[in-house]
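Worksheet for the structure shown next.
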Amino acid sequence: MNDIVIENQPILSKLLNKINNSLTMSQAYMLVGNNKEELIKNSITFAKVLICPEKYDQKCSKCNICSRISSNTFGEMKIINPINGVIKKDEILTLRDSFQIKSIEGRNLVYIINNAETLNSSAANSLLKFLEEPQSNVVAIFTTTNLNKVYNTISSRCQIIKLKDCNKLQINFVKTVSGLDEEKINITLDFLFLIENNSQKALTLFKSIFLNHFDSKELIKSSLTVMLLAYKDALNYKLFKKMDYFKNETGIKNISNSYSTKELAKKVKFILENISKLEYNVNVLLFLCNFIVGIGEIADGKDNRS
């Protein structure tokens, strides 16, 4: 059986493998991180490990429990999300009532409470009784982006797992590859989005908003490298709904949704060709003008084709 691997999360991966192999676990866990989408995704994987009647395998196809967990249609797992920014007592009482039975299909009954910092005081008090006297087969998973705002009576009863900031890991990779700091990376992305939204305006303003920061061929090459990674992410998002370099960057998602796969591939090829041109003796002003016009021409006729 393959080990469970949660990308960029070695601590969580190690914990899940330990639970999977030993079948021993705590009664409550608190996942802490900066990205709500990642927290939700990881909490679902966590639930699968806790519930699977056999040893959980990420490639398992033996039963339909995991697919039902993913679609939130598995009766022995409950997910509570805040409504209008708060989790109230009634939702906790309903949860307690529904978990008075033993698990039938899975190994454990699991409930996930997302944004645990939004529990109000009465909900937290009701939940505390549930945590203090849990049934042996009931396991809680909490997620939060702000551990300091979670009631200490709740967090103190949980095993805390702090997740790595994936966004920071990815931007560090971009910094390494491009040789630029985070400020210049963001300036590059802003200029790229300006080109995409209004190439004529970018052509008019590039001296003041781009050359002011990238005033040598080496810096321009570094900036084009960032653009290359951005378009690769747009293509990845088009094909696989994931990004490798600029996780959840809305501007890149917009680019991905605006062009066909073929158009995005052309943009990647165009930037690679222009990076190569910088190896030669080129006029920087003319080079950038041609680059902006070239990207704009590829953008002509943009649509939502796949």
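Any residue at all in the stretch 84-92 that is under 18 Å from Arg107 (Cβ atoms) and touching a helix residue (DSSP H, G or I) at 6+ places or on another chain (Cβ under 7 Å)? No, the stretch 84-92 contains no residue that is under 18 Å from Arg107 (Cβ atoms) and touching a helix residue (DSSP H, G or I) at 6+ places or on another chain (Cβ under 7 Å). Looking across the stretch 42-75, the residues that are touching a strand residue (DSSP E or B) at 6+ places or on another chain (Cβ under 8 Å), among the β-branched types (Val, Ile, Thr) and either assigned to a loop (DSSP other than H, G, I, E, B) or under 20 Å from Lys14 (Cα atoms) (or both) come down to Ile44, Ile51. As for the stretch 241-248, it holds no residue that is loosely packed, with under 15 Cβ neighbours inside 10 Å, charged (D, E, K, R) and assigned to a helix (DSSP H, G or I). Evaluation of Gly296 against the conditions (1) among the small types (Gly, Ala, Ser); (2) under 18 Å from Val177 (Cα atoms); (3) touching a helix residue (DSSP H, G or I) at 6+ places or on another chain (Cβ under 9 Å) shows that the sole unmet condition is (2). Based on this model, can you work out whether Asn42 counts as closer than 18 Å to Ile160 by Cβ, of a type in the set (S, T, N, Q) and buried (at least 17 other Cβ atoms within 10 Å of the Cβ)? Criteria met by Asn42. Criterion applied to Ser216, Ser223 was being among the small types (Gly, Ala, Ser) and surrounded by 13 or more Cβ atoms within 10 Å (Cβ to Cβ), and the one residue passing it is Ser223. Scanning the stretch 1-41 for residues that are closer than 19 Å to Gly106 by Cβ, touching a residue at least 12 places away in the same chain (Cβ under 8 Å) and not in a helix (DSSP H, G or I) gives Met1, Ile4, Leu23, Met25, Ser26, Gln27, Ala28, Tyr29. Could you list, in sequence order, all residues of the stretch 267-303 that are crowded, with 16+ Cβ neighbours inside 10 Å and either charged (D, E, K, R) or farther than 25 Å from Leu211 by Cα (or both)? Residue satisfying the conditions is Lys267 alone.
Residue-by-condition table, conditions (1) buried (at least 20 other Cβ atoms within 10 Å of the Cβ); (2) within 27 Å of the chain's Cα centre (by Cα):
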{"residue": "Asn64", "(1), (2)": "no, yes"}
{"residue": "Ser71", "(1), (2)": "no, yes"}
{"residue": "Asn84", "(1), (2)": "no, yes"}
{"residue": "Ile92", "(1), (2)": "yes, no"}
{"residue": "Ser103", "(1), (2)": "no, no"}
{"residue": "Ile112", "(1), (2)": "yes, yes"}
{"residue": "Asn115", "(1), (2)": "yes, yes"}
{"residue": "Asn125", "(1), (2)": "no, no"}
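Scanning the stretch 256-283 for residues that are aliphatic (A, V, I, L, M) and either modelled with pLDDT of 95 or more or under 15 Å from Thr225 (Cα atoms) (or both) gives Leu264, Ala265, Val268, Ile271, Leu272, Ile275, Leu278.
Going through Ser222, Ser208, Ser199 one at a time, which residue ends up being within 23 Å of Asn283 (Cα to Cα), of a type in the set (Gly, Ala, Ser) and either at pLDDT 95 or above or touching a Cys at 6+ places or on another chain (Cβ under 6 Å) (or both)? On inspection, the qualifying residue turns out to be Ser222. Looking at the stretch 137-176, which of the residues that are aliphatic (A, V, I, L, M) and more than 21 Å from the chain's Cα centre (by Cα) is farthest from Phe210 (Cα to Cα)? Looking at residues that are aliphatic (A, V, I, L, M) and more than 21 Å from the chain's Cα centre (by Cα), I get Val138.
The values are calculated or read from the model by the stated rules, or taken from the named source; none is laboratory data. Since this is a predicted model, take the numbers as computed values, not measurements. Cβ sites come from the backbone with ideal geometry, for glycine too, and all protein chains shown count toward neighbours.
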